[in-house]
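First comes the structure, then the notes that go with it.
The values are calculated or read from the model by the stated rules, or taken from the named source; none is laboratory data. Remember, predicted model here, so these are calculated numbers, not experimental data. All Cβ positions, even for glycine, are placed from backbone atoms using ideal geometry, and neighbour counts span all protein chains on display.
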Amino acid sequence: MENKTVYLNGHYLPLSDAKISVLDRGFLFGDGIYEVIPAYNGRLFRLHEHLLRLKNSLSHIRLANPHSAGQWAEILQPLLTQDPEQYIYLQITRGVAPKRDHAFPEHTQPTVFAMCSPITPFAGRNAGIKAVTLDDNRWGLCNIKAITLLANILLRQSAVDQGAAEAILHKDGYVTEGAASNVFAVIDGILTTPPNGADILPGITRDVILELASANHIPTRETVISLEALQMASEIWLASSTREIIPVVQLDAQLVADGKPGPVWKKIHQLFQAFKQNQT
Ligand code: PDD
């Protein structure tokens, strides 16, 4: 195993030396939250927005933010390597409690862990991928970036078992998001994505896409997408920090339009590449 330097509770140390107690509530309960922050050419991408979402996730689980935005930047920056494209994984749990009890323990220190990994360009990005539609059987607080990801894992694995790269989830007949991505569809020429709320994670890539589209006169709409509307869409994309913007060319057994990445995706993909290189 690669022995890179990671951050754990105030210290930088080799990965093999980073140890936490089996009584950590992240391990026992999945009681924690996380962030995935990409960095291009040594600069953390949309750090302010990621830290804002981190703050919101922490406040939803009633855990105090252990650091200010400035302190987070100072903690994370030294983990970056020479890789042109990499991402920070940052996790905060409620910490170690002397006994296993569901209710919050008193006087525990949160466990803070961060590491950096290279981003390898996602294989299906240019040719497009297959996605399958699955019932969204997750909980009612999907806006929290919780480490408790068992439902997402089972959904993604079910997609992989069917030869697909992602599951597109739906609840009561409407699209929510992917197992680990947000969903966009071009419907009647309008770039459409489900609205933020408790059913989806407020994706940072999602926001960048909406901003780039507006700035480049691509009409957008944040509104519900029925499963039928998705099936009729001329383009479908998935968006996330590690895979960027991925065209879906097959949905279940059916091709999306002509089965090739569409013109709106090509435009946004180009804009996104330029934007991430030029970020200040
Ligand atoms: N996941 N929705 C879900 C459920 C996700 O897990 C993710 C990202 C997104 C996209 O958010 P963003 O654009 O901020 O990455 C939406 C990360 C990459 C992960 O769990 O590894």
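Condition check ((1) farther than 18 Å from residue 183 by Cα; (2) surrounded by 17 or more Cβ atoms within 10 Å (Cβ to Cβ)) across all residues:
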{"site": "76", "(1), (2)": "yes, yes"}
{"site": "130", "(1), (2)": "no, yes"}
{"site": "133", "(1), (2)": "no, yes"}
{"site": "136", "(1), (2)": "no, yes"}
{"site": "142", "(1), (2)": "no, yes"}
{"site": "150", "(1), (2)": "yes, no"}
Considering only segment 113-134, state which residues are assigned to a loop (DSSP other than H, G, I, E, B) and among the charged types (D, E, K, R).
125
So, in segment 264-280, of the ones that are without any contact (Cβ under 8 Å) to a residue 12 or more places away in the chain and over 21 Å from the mean Cα position of the chain (by Cα), which residue ends up farthest from residue 45 (Cα to Cα)?
266
Those residues that are within 23 Å of residue 148 (Cα to Cα), surrounded by 20 or more Cβ atoms within 10 Å (Cβ to Cβ) and aliphatic (A, V, I, L, M), I need them from segment 78-101; list them, please.
88, 90, 92, 97
Note on segment 231-242: residues under 13 Å from residue 179 (Cα atoms) and either surrounded by fewer than 24 Cβ atoms within 10 Å (Cβ to Cβ) or outside the structural domain of residue 165 (by TED's automatic domain parsing) (or both) are 240
Would you please name the residue that is nearest to the ligand (Cβ to nearest atom), looking only at residues in segment 183-202 that are within 18 Å of residue 139 (Cβ to Cβ) and in contact with a strand residue (DSSP E or B) (Cβ under 9 Å, 6 or more places away or on another chain)?
201
Within the group 168, 144, which residue is modelled with pLDDT of 95 or more, more than 10 Å from the ligand (Cβ to nearest atom), among the aliphatic types (A, V, I, L, M) and in a strand (DSSP E or B)?
168
